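To start, the structure under review is shown below, and the notes come after it.
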Amino acid sequence: MRQIYGTANGKLAIITKIDTALLSAATQFGCELWVSPHDLRDLTHNALVEEWTARVGSSPIQTSATKRPKFDRDRMLVVFDGVDDALATSVDLNGASGATVCAIVELDSNTATQVLFEYSVAYNSYDGLVFGIDSSAQFWTGMGPGSSSLSYQNSLKTFPINSRMLLGAQYDRSVLPNKLNQHYVLHGDADENLLFSVDKYGSATTNFGSHLSWLGSRNNGSARVLDGGFGEVMIFREKIPHNEYEEVRRLIAVKESLL
């Protein structure tokens, strides 16, 4: 990662300013969840994460000890095992016509489809959404319900293992056809995915429904589990205006020394 801070005091001052700006955005745009691994510093290396203390929203939890991810102090990530780990969230998008998701992610493997965040037990069958990586290591986003209403994209960009990156996506159900946008920051480069191996826009304008949701897997570890870790995660219940969305992504990327 690029080191931009200089002294330790300089780093603390910059991060404090970034967090203040992110909190302002969270308050203004209906942030449902904001978590940071820096808030787990009291845990020992590789400790199981039963509850990921949230800065905004309810803390994601896992009541089953065998499904809890681990806190990697060295990488400052919450790491999922690719088998059955999951954290349940209380994100509520019911009635919302849009959503925005930003997450720092580091993959430990990229050979299988992995859910980073899913709102519903299967977004393609219900009026939920998915934010993940497919089996071709491509950014994968979508929103249901199924049939002609299904919208999804698989980027042509492939994402490597053992590289920290920022993934961002916006979901808009208020227009016909429904609209998805994908963005990423990797190795100091910030881009928008404009070309897709799959690019389908559904025709439904129904708002999101009422669903359960998880970080790091589908349906509480039952399928498509993340093999890798999360850094900062922010989830909003609206499609943030373009300029403010770009600023949120830039702030998180700078905080993680990606820009």
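The values are calculated or read from the model by the stated rules, or taken from the named source; none is laboratory data. Only a predicted model underlies this, so the values are computations on that prediction, with no experimental measurement involved. No Cβ is skipped: glycine too gets one built from the backbone with ideal geometry, and neighbour counts run over all protein chains shown. To get the accessible areas, we keep the full protein, side chains included, count just its heavy atoms, and leave off ligands, DNA and RNA. Shrake-Rupley method; radii C 1.70, N 1.55, O 1.52, S 1.80 Å.
Compared with the direct C-alpha span, the chain from residue 46 to residue 205 gains 52.9 nm at full extension, assuming 0.36 nm per residue. Close Lys pairs in the chain, defined as Cα atoms under 12 Å apart and 8 or more places apart or on different chains, number 4. So for region 62-182, considering every pair of alpha-carbon atoms, how many percent are separated by more than 19 Å? More than 19 Å apart: 50 percent of the Cα pairs in region 62-182.
Placing a pseudo-label 7 Å from each Cα along the Cα-to-Cβ vector at residue 28 and residue 176 gives an inter-label distance of 3.3 nm. Once the Cα-Cα distance is subtracted from the 0.36 nm per residue extended length, the residue 53 to residue 15 segment shows a gain of 11.8 nm.
Is the C-alpha gyration tensor of region 5-112 telling us rounded, prolate or oblate? Criteria: a/c under 1.5 is rounded; beyond that, a/b larger than b/c is prolate, otherwise oblate. Because a/c hits 1.5 or more and a/b fails to exceed b/c, region 5-112 counts as oblate. Once Kirkwood radius over Cα pairs in Å is worked out from the coordinates, which option in [x] 18.0; [y] 18.8; [z] 19.4 does it equal? Computing Kirkwood radius over Cα pairs in Å and matching it to [x] 18.0; [y] 18.8; [z] 19.4 gives [x]. Considering every alpha-carbon pair of region 77-136, the percent of pairs per 5 Å bin, from zero through the bin containing the longest distance, is 4, 13, 26, 27, 18, 9, 3, 0.
Could you tell me the center-to-center distance, by alpha carbons, between region 161-183 and region 195-240 in angstrom? First find each Cα centre; the distance between them is then 9 Å. Helix 242-255 versus the longest principal axis of the chain: what angle, 0 to 90°, nearest 10, using Cα atoms? Result, in degrees: 30.
Taking the chain as a Gaussian network of alpha-carbon nodes connected by springs under 10 Å, the highest mean-square fluctuation of the residues 228, 144, 95 belongs to 95.
In this rough spin-label picture, where each label sits 7 Å from Cα along the Cβ direction, the residue 192-residue 112 distance is 3.5 nm. Heavy-atom accessible surface of residue 14, to the nearest 10 Å², is about 60 Å², with a 1.4 Å probe and all protein chains retained.
Among the protein heavy atoms of the chain, carbon and sulfur supply 48% of the accessible surface, probe 1.4 Å, non-protein parts ignored. Identify which of 79, 175, 248 has the largest mean-square fluctuation in a Gaussian network model of the chain, with springs joining Cα atoms closer than 10 Å. Maximum among the listed residues: 175. Normalised by 2.2 N^0.38 Å, where N is the number of residues, the C-alpha radius of gyration of region 139-190 stands at 1.33. With each label modelled as a point 7 angstrom along the Cα→C-beta vector, the residue 75-residue 247 pair spans 3.2 nm. Once the Cα atoms are used to define both axes, helix 8-28 deviates from the longest principal axis of the chain by about 30 degrees. The residues of the chain expose on average 40 square angstrom of accessible surface per residue, using a 1.4 Å probe on protein heavy atoms. At q = 0.10, 0.16, 0.23 Å⁻¹, what is the log10 ratio I(q)/I(0) for region 154-259, with the Debye formula run over Cα points and no solvent? Debye output, listed in q order: -0.34, -0.92, -1.52.
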